[in-house]
Amino acid sequence: MLYALVGEDIPGSLEKRLTARPAHLLRLQALQAEGRLILGGPMPAIDAPDPGPAGFSGSLIVAEFESLTAAQNWLAADPYVATGVFAKTWVRPFKQVFPQ
């Protein structure tokens with residue numbers, strides 16, 4: 001089943017985010033190589049594709065996991081969680097309707 005994984009950044013997290021980003025991307029690349037990643041990316045803190053020093057307000061990942069618990073455990077082990085980039089996280093089942 002698909003799950004939406006969301007992390008909300010702490011204020012001023014840009015430096016922590018940049019430091020943890022390579023390890024974070026390796027985990028996403030592994031999901032992609034397994035054919036389980038639907039989409040993933042950061043949410044700019046301002047209305048711009050490159051927010052510069054404003055940084056990001058969070059991240060969204062939609063991926064396939066065998067269960068809600070597996071998705072929660074995967075997110076809990078993410079480098080952005082371990083390094084304190086995220087103030088809070090949540091995982092919800094997701095039903096993709098479009099594109100078909």
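Where a number appears in this text, it was derived from the coordinates with a stated rule and is not lab data. What you are looking at is a predicted structure, and each value in this text was computed from that prediction instead of being measured. Heads up, the Cβs are rebuilt from the backbone with ideal geometry, glycines too, and the neighbour counts pull from every protein chain shown.
Filter the range 32-51 down to residues that are surrounded by 14 or more Cβ atoms within 10 Å (Cβ to Cβ) and touching a Ser or Thr at 6+ places or on another chain (Cβ under 8 Å) and give me whichever is nearest to Arg21 (Cα to Cα).
So the residue we want is Pro42.
Tell me, please, whether a residue that is in contact (Cβ under 8 Å) with a residue 24 or more places away in the chain and assigned to a strand (DSSP E or B) can be found in the range 18-41.
yes
State the number of residues belonging to the range 67-100 that are free of Cβ contacts under 8 Å to residues at least 40 places away in the same chain and assigned to a helix (DSSP H, G or I).
Count: 5.
Against the condition within 17 Å of Val6 (Cβ to Cβ) and loosely packed, with under 13 Cβ neighbours inside 10 Å, how does Ala77 come out, does it pass?
So Ala77 passes the test.
Just the residues that are crowded, with 16+ Cβ neighbours inside 10 Å and either within 10 Å of the chain's Cα centre (by Cα) or not in a loop (DSSP other than H, G, I, E, B) (or both), please, taken from the range 52-61.
Kept after step one, since they are crowded, with 16+ Cβ neighbours inside 10 Å, are these residues of the range 52-61: 55-59, 61.
Selection gives Phe56, Ser57, Gly58, Ser59, Ile61.
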